[in-house]
Amino acid sequence: MATKKKAPASFNLLDHLEKEVKVQPFTAVIDAEGTEVTFPSPLDMNWREAEEFTTQMSAENASIGEVFSKWLSPEDFQKIEDADLTMGALMALAKAVGDHYGAVLGDPKA
């Protein structure tokens, strides 16, 4: 009796991930002293965490502080708090980060 050959897969996730170009983390200087914070790529998160995170980011009444507190390391979030940024500065930072990752994540509101 002949054994059935398994059909080749149409897509191999592991091959794809090895070839995929990684999005570089977004690093920003937030004050005159040169304090830097790094926003890790959401693509490197567990898919459930990333899905929750992107949903929170795109919520109509999203709080930048809440989003940043979940996204940044505790140390980097503390740097943002210690910098005593204005709301305008925080919004500019959020837009720059969103623009950086937007090409990969897309515009969730579109």
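Here are some notes:
- Residues whose placed amide H lies under 5 Å from that of T35, excluding near-sequence neighbours: I30
- Evaluated over the Cα positions of the stretch 48-110, the convex hull gives a direction-averaged projected area, one quarter of its surface, of 4.5 nm².
No value in this document is a laboratory result; all are computed from the given coordinates. This one's a predicted model, so the numbers in the text were calculated from it and none came from an experiment.
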